[in-house]
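Data block below; observations after.
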Amino acid sequence: MDILTIDAGTTNTRSTLWRNGVPSCQAERPVGVRDTAVTGDKSALQNGVRESIAEVLQQARIGIADLGLLLASGMITSNVGLFEVAHLPAPAGLKELAAGMQQALLPQVCARPIWFVPGVRNPVVDIGLHDCEAMDMMRGEEAETMGLIERLKIAAPALIVLPGSHTKFVLLDAQQRIANCVTTLSGELLQVITHDTIVADSLGSDFADRIEPEMLFAGARSARSLGLGRACFMVRTLGQFTRHDRNARANFLLGAVLGADLLTLKHSSALRLRPETRCIVAGKPALRQAYSLLLANDDFFSAAVSTVSDDEQHSLAGFGAIRLAQERGLAGCGPTWAASGRVPG
């Protein structure tokens, strides 16, 4: 069965064609729900999704009628997406997410109905200032999480780290369900501080080329003891009065921002994380290495820290969506995967 998956986020949309459980071709568009939020008009997102679908079908030399199934996950199911689906309250695992999938026909996008994967929210009610920190939510990461559970054969409680513009920390319970999650703006903070503040000059408006553990740890210690704002300004001091080079200074900043994330993990009422919980870190290589080093060298965390390889996280959202479709009975067989299952080209 040919299956098309759509992963639409805040700024990008990706469509992938899966043939015999393996991703065969892919198309992306630099459009997401931010376009809708800014303009109040969904046409840019509709056009982006429609064009990415059309490009994938053209690459595969098939028509829309030849597809066995269309699946979508991510911010496309939000109120500024194309079809709103309410968050499921945690705990939510494979069974609950599959049951919560909804189907809709969007003529502005394609002539076939699409199945949408719901997001997940923390189980907090009557939210006020006293407990708003305990609330968090996700759209898209739930599909990625289900994909990782399948690929890594996770069978015990774990914390999954998904770095990005909005970094997600997803806590799994003993039944491999999403128990809670926490979001930080670490990716956006790094972007803004590196390009749009006074320390941009000390960083060459660029990120770390390679990880330097000593500087990474120094940045994390400074954020922990002095606060993130002060630690960030220290990057300029390092540039003005020391011999530490640009990459070292970028590592200091990276450590400061990610070190603030570790404070979140240790103190957030949304997670109530236990030190013995296994940590599994995904994301781009530099962030993956940085988070892993910081977690492994923090006295709070006593369990092993493992990383997800590039192959293990390739086309992860689509892989997870297909796994959910299998659980729902929409797909005759689940997606297969191997280290060689990359999209050609």
What lysines does LYS42 reach when the alpha-carbon gap must be under 28 Å and sequence neighbours fewer than 8 apart in one chain are set aside?
LYS168
Quick check: pseudo-label points 7 Å beyond the Cα along Cα→Cβ at ARG112 and ASP173, how many nm apart are they?
3.6
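What dipole magnitude, in Debye to the nearest 20, does region 204-345 give about its Cα centre under +1 on Lys/Arg Cβ and -1 on Asp/Glu Cβ? The partial results should precede the final answer.
Numbers: 17 positive and 13 negative charges, 74 e Å.
Around 360 debye, computed over region 204-345.
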Calculated P(r) of region 1-155 - Cα pairs past 28 Å, %:
22
For the chain, what is the percent of antiparallel DSSP beta bridges, rounded to the nearest 5?
65
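Where nothing but the Cβ of Lys and Arg (+1) and of Asp and Glu (-1) is charged, how large is the charge dipole of the chain around its Cα centre, in debye to the nearest 20?
Roughly 260 debye for the chain.
Taking region 6-79 on its own, what percent of its Cα-Cα pair distances exceed 21 Å?
Value for region 6-79 (Cα pairs over 21 Å): 25 percent.
Quick check: convex hull over the Cα atoms of region 106-172, volume per residue in Å³, rounded to an integer? Could the numbers behind the result be given before it?
Working: hull volume 11.0 nm³, N = 67.
Dividing the Cα hull volume of region 106-172 by its residues yields 164 Å³.
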Take the Cα atoms of region 151-213, find their three principal axes, and give me the spread along each one in whole Å, biggest first.
49, 22, 18
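Using DSSP loop states and a limit of at most 11 other Cβ atoms within 10 Å to flag trypsin sites (Lys or Arg not before Pro), what is the longest stretch of the chain containing no flagged site? If you can, show how the numbers build up before the last one.
Details: sites that count: ARG61, LYS153, ARG210, ARG243, ARG272.
The segment 62-152 is the longest one with no such site.
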Using a simple charge model, +1 on the beta-carbon of Lys and Arg, -1 on the beta-carbon of Asp and Glu, nothing else, what dipole does region 86-145 show about its Cα centre, in debye to the nearest 20?
420
Using the Karplus curve 6.51 cos²θ - 1.76 cosθ + 1.60 with θ = phi - 60°, work out ³J(HN,Hα) for each residue of region 2-19 in order, rounded to whole Hz, and write x for Gly and Pro.
7, 10, 10, 10, 10, 10, 10, x, 6, 10, 9, 10, 10, 10, 10, 9, 10, 10
With each label point set 7 Å from Cα along the Cα-Cβ vector, what nm distance links PHE83 and ARG210?
4.8
Debye calculation, C-alpha points only, no solvent: report log10 I(q)/I(0) for region 185-248 at q = 0.17 Å⁻¹, in the same order as the q values.
-0.55
In whole angstrom, note down how far apart the Cα centers of region 174-240 and region 21-59 are.
31
Rounded to 0.05, the calculated FRET efficiency for the beta carbons of SER302 and GLN58 at R₀ = 45 Å is 0.30
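Taking a quarter of the surface of the convex hull around the Cα atoms of region 237-337, what do you get in nm²?
Working: hull surface 37.1 nm².
The orientation-averaged projected area of the Cα hull of region 237-337 comes to 9.3 nm².
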I'd like to know which of ASN180, SER165, ALA208 lies farthest towards the positive end of the charge dipole of region 100-222, counting +1 on Cβ of Lys and Arg and -1 on Cβ of Asp and Glu.
ASN180
Against the rule of thumb 2.2 N^0.38 Å, how large the Cα Rg of the chain comes out
1.02
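The numbers here are math on the coordinates, done by the rules we state, and not lab data. Bear in mind that the values here come from a model prediction, so they are computed numbers and not experimental data. Positions of Cβ are generated from backbone atoms using ideal geometry, with glycine treated the same way; all protein chains shown enter the neighbour counts.
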